[in-house]
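Only one structure is covered here, and it is reproduced in the block below.
The values are calculated or read from the model by the stated rules, or taken from the named source; none is laboratory data. This structure is a prediction, so every number in the text was calculated from the model and none was measured. Quick reminder, even Gly has a Cβ in these numbers, built from the backbone with ideal geometry, and neighbours come from all protein chains shown.
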Amino acid sequence: MIRFENITKKYKDKVVIKNNSFEIEKGKLVAFIGESGCGKTTTLKMINRLIKPSSGKIYINDEDISKKDVIKLRRNMGYVIQQTGLFPHMTVKENIQVISKVEKRDPEQIKKRTLEMMDMVGLDYEFLDRYPTELSGGQQQRIGVARAFVTDPDIILMDEPFSALDPITRIGLQDELIELQDKLRKTIVFVTHDMDEAVKIADLICIMKDGEILQYDTPENILKNPSNEFVSQFVGKNRIWTSPEYIKAEDIMIDSPVTCSKSMTLLRCMERMRSRKVDSLMVIDSKSRELLGVVKAKQIQQQKDRTKAVEEIMDTDICSVKPDDSIIGILKLVDDNHVNNIPVLDKDKKLVGLITKSSLVTTLSQQFLDTEEIM
């Protein structure tokens, strides 16, 4: 959708963007983040040619934007900035309709679309005849979003749109943007200085420093695997705990749980438990590794005949999770079902790991250990 190739930007002798190349896929919300002066807003403004690169090319749908008519280019993009950019001498209705009227679209369609935008941003139609100064900051920003979306552009540029708002209004607008993006799947480039905001709203995060891209990845991978010490410090070593949904079963499971076949005798099962220092075994099909059941030491101790096959007494009513299930759901499962061990199964019901109470305790205690290390 949007492709940067070897983009550099210089102001006299100062290099503010250093030979960056990356691509933004259609329908993704990408957040640019970094310290002040890192080049994130400069990068965004190159997309609609408010800033011209010193070298390199930017392509939209494989078309070099430097060869496109700049007015048409900008009219085909929505643009939302920190101070809304609403025209103070125009009413809300006039602000929303300004581009559509310049393009001489059908008046009835303009009217219909205006009402749709008011519905989309959750404002009553009575606001249409008010002026921006008669609106709160949050309401003004909603109108800014409505104006950006009204012509149904494929690309929306948002330059710190919520940073001047109070925390409650800001959180509400973030939630509304997430809902809008789920419905409309626009390509959104979003500049922010707030890591919590980036993690919350973005499909991909681009972390910049001194004009360079240090890491361009999913929020999950950035939180789990920062590319270097600067990214780790910038993100915050303990930040994963503000987004625990990114901690998955596969991150905390034991990769090689102790298993047995369904035909193994109870006596051999007990011997295996003793030698491996566990109190239960996962019973699997020897060929497919499909989980068949679980047997616990207590169950075997209650049996007089230890020559029985484990399949005769194993428990087949088992709580399990998938590798990509989050720690939030796992903790709820442990609490609701009072279980100590939870098998991790793939889509074919094959056993790929085991989550134990001790592995959960170790994971949960890590947030406090990390905090102590920082202090």
On the basis of being assigned by TED's automatic domain parsing to the domain that holds P167, of a type in the set (S, T, N, Q) and without any contact (Cβ under 8 Å) to a residue 12 or more places away in the chain, does Q139 make the cut?
no
Given K26, K72, which one is more than 26 Å from the chain's Cα centre (by Cα) and farther than 21 Å from M208 by Cα?
K72
So which residues in region 146-179 are of a type in the set (A, V, I, L, M, F, W, C) and at pLDDT 90 or above?
A146, A148, F149, V150, I155, I156, L157, M158, L177, I178
Flagged in region 351-360 as in a helix (DSSP H, G or I) and under 27 Å from the mean Cα position of the chain (by Cα), in numbering order, are S359, L360
Mind checking which residues of region 1-18 are without any contact (Cβ under 8 Å) to a residue 60 or more places away in the chain and either buried (at least 22 other Cβ atoms within 10 Å of the Cβ) or assigned to a strand (DSSP E or B) (or both)?
R3, F4, E5, N6, I7, T8, K10, Y11, K14
Against the conditions (1) buried (at least 19 other Cβ atoms within 10 Å of the Cβ); (2) part of a helix (DSSP H, G or I), where does E179 fall short? Just the number, please.
(1)
May I ask you to list the residues in region 336-347 that are of a type outside the set (V, I, T) and over 27 Å from the mean Cα position of the chain (by Cα)?
D336, N337, H338, N340, N341
Go through the residues of region 271-292 one by one and say whether even a single one is within 30 Å of T43 (Cβ to Cβ), assigned to a loop (DSSP other than H, G, I, E, B) and more than 17 Å from the chain's Cα centre (by Cα).
no
Name the single residue that is nearest to T187 (Cα to Cα) among those in region 75-93 being under 32 Å from the mean Cα position of the chain (by Cα) and among the hydrophobic types (A, V, I, L, M, F, W, C).
M77
Candidates D335, D324, filtered to the one that is touching a residue at least 60 places away in the same chain (Cβ under 8 Å) and of a type outside the set (S, T, N, Q)
D324
Do the conditions hold for I81, that is, is it touching a helix residue (DSSP H, G or I) at 6+ places or on another chain (Cβ under 8 Å) and at pLDDT 90 or above?
no
May I ask you to list the residues in region 278-291 that are small (G, A, S) and either free of Cβ contacts under 8 Å to residues at least 60 places away in the same chain or outside the structural domain of V310 (by TED's automatic domain parsing) (or both)?
S286
Give me the residue from region 334-350 that is part of a helix (DSSP H, G or I) and either of a type in the set (D, E) or touching a His at 6+ places or on another chain (Cβ under 8 Å) (or both) and, out of that set, modelled with the lowest pLDDT.
D335
Of the conditions (1) within 15 Å of L157 (Cβ to Cβ); (2) out of contact with any Leu (no Cβ under 6 Å at 6 or more places or on another chain), V30 satisfies every one except a single condition; which number is it?
(2)
Being assigned to a strand (DSSP E or B) and closer than 16 Å to Q303 by Cα is the filter here; which residues of region 241-270 pass it?
T265
Residue pairs, Cβ under 9 Å, 6 or more apart or interchain, first in region 83-98 and outside the structural domain of A164 (by TED's automatic domain parsing), second of a type in the set (G, A, S) and modelled with pLDDT of 90 or more. List them.
none
How many residues are in contact with a helix residue (DSSP H, G or I) (Cβ under 7 Å, 6 or more places away or on another chain) and modelled with pLDDT of 80 or more when one looks only at region 354-375?
1
For region 260-277, enumerate the residues that are surrounded by fewer than 18 Cβ atoms within 10 Å (Cβ to Cβ) and either not polar (S, T, N, Q) or not assigned by TED's automatic domain parsing to the domain that holds D346 (or both).
K262, L267, R268, M270, E271, R272, R274, R276, K277
